[in-house]
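So the structure is just underneath, and the comments pick up after that.
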Amino acid sequence: MQTNLQTTLLDHAQQVPFKGIFAKKLRTMRFKSLFILALLMAAAVSSTYAQDPDVPKTLVNKPGQDTTIKKLMDQIQQVQDNDRQNSNVIQSLLQGREIDNITKYELIKNNIINASETYYLMNKKILDLKSRTTTNNLDIFITSLNNPESKALGFSYSDRISDLVEKVILKGKADKNDRDGKIMESTKSIISSPIFQSFVSLTPPLAIANSIMNFLHSVSVSNKAITKEALASFEKELNKYVIYYTALNDANQKFEYGLNFNKDQLNLLQDNLYDHLMFTASVLKFKLPERGNKSLGETMNTFFFDFKKDKVIDFFSQLEDKYTTGKKIDYEKLLRENPNLKEVNNQMEDLVLQSKRFENLYNEYFTLLDSYYSKVNNSLKLALDNGLADKSTIDTKQAEFRDLKTEAVNEIQASINIKELYINTDKIKYRYRVM
């Protein structure tokens, strides 16, 4: 009987809290009924013995003669014992319910407080990574390799083309007649033309090579001294430079394409972060920003002047004060009247996934840098293979490039500090959903 009653109370109290209270009232009524019944039966027995003249006086109220009253009293005692035990069970359930609400609230509170810092860190690091191409020193190094006037590899591309035109096309006769002199002037004019600096699809060296070849083929139509053999020989020598600059240009273009794609993904991630932040901020009663003509980055930076960790902590302190009676917080009522807090908590998994997406984009940047490093080194090797520069010069440039790449990696890692984001994100217990 005791076990069945406790089981029933447990089931009912877990499913519908008020049934546990109803069960307690039923037990009290039953106990009172049994007690009244026992008194009536005891009175009836005593009356019978007292009124019956045939019953010997020695039998009236003699211990052990009638067990009815004793049985009834034992049952009453059993009901009392069961009632105490069931009351303890009910109190345990109610206490467990209160503890459960406290646990839910503390989980929600801590997750949101930690998330407030995650929003800030992610936005800051997204903006930092978006602004990255390489570093100034690395950019200067690549620009020097691609500059027609530079002697980074021990030669000037402009001077080499002029020499080839004079030696291969004009056979060293540039100073002997006006027509050859004009060819040299036109060659130098093409090389120094500022128009090639605005080319985006080709690097200046490739654009210059293409223009020089078109010019010489055009001149050869009227100048019979410029033979097909001379043009073929010139083009063969020129192609050695074209191969080097094409490889360098390919490295630059693929790195730029990769950076732009990475930046597009960061923009998309920042949009998602903004939407997530706005929902959380609205639930916490923060005034949401008006974007207007501002960029997303500017809007979020401005918003973080107000949306700070300490202000989120203040929000929960005020919320707890509101639901405090005496010295006790009514967590059940707090959660019931603020259901969106649960939803914010349950969306923390999405915020953590966004942080992991940033980590992937961060790592992809270094993958791009590694690929770029490899391709630039390959272009330098082509310069060596085609005899454009000697081995010591190429070795020196490759070592310089390696040091600059290492410097760029260290600078970006120190600036973004991805470990800071790891540590903060790990504080968010996103796997625990609150229902």
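The values are calculated or read from the model by the stated rules, or taken from the named source; none is laboratory data. Just so it is clear, the structure is predicted and the values come from calculations on it, not from any experiment. Backbone-built Cβ (ideal geometry, glycine too); neighbour counts: all protein chains shown.
Summary of computed values
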quantity: Failed condition for L388, given (1) free of Cβ contacts under 8 Å to residues at least 24 places away in the same chain; (2) farther than 25 Å from N272 by Cα; calculated: (1)
quantity: Odd one out for D426, checked against (1) at pLDDT below 95; (2) crowded, with 17+ Cβ neighbours inside 10 Å; (3) out of contact with any Ser or Thr (no Cβ under 7 Å at 6 or more places or on another chain); calculated: (2)
quantity: Number of positions in region 109-166 that are more than 28 Å from the chain's Cα centre (by Cα) and aliphatic (A, V, I, L, M); calculated: 9
quantity: Qualifying residue in region 371-385 (condition: of a type in the set (K, R), surrounded by 13 or more Cβ atoms within 10 Å (Cβ to Cβ) and in a helix (DSSP H, G or I)); calculated: yes
quantity: Any hit, region 340-354, residues being free of Cβ contacts under 8 Å to residues at least 12 places away in the same chain, part of a helix (DSSP H, G or I), loosely packed, with under 14 Cβ neighbours inside 10 Å and within 21 Å of the chain's Cα centre (by Cα); calculated: yes
quantity: Residues satisfying the stated conditions in region 411-423, i.e. surrounded by 16 or more Cβ atoms within 10 Å (Cβ to Cβ) and under 13 Å from N114 (Cα atoms); calculated: L421
quantity: Evaluation of N301 against (1) in contact with a Lys or Arg (Cβ under 9 Å, 6 or more places away or on another chain); (2) surrounded by 17 or more Cβ atoms within 10 Å (Cβ to Cβ); (3) over 26 Å from K342 (Cβ atoms) (one fails), failing number; calculated: (2)
quantity: Residue satisfying condition, being under 30 Å from K397 (Cβ atoms), at pLDDT below 90 and surrounded by fewer than 17 Cβ atoms within 10 Å (Cβ to Cβ), within set E166, E149; calculated: E149
quantity: Per-region count, region 391-435, residues part of a helix (DSSP H, G or I), touching a residue at least 12 places away in the same chain (Cβ under 8 Å) and not hydroxyl-bearing (S, T, Y); calculated: 18
quantity: Members of region 133-144 that are at pLDDT 80 or above and within 30 Å of Q354 (Cβ to Cβ); calculated: L138
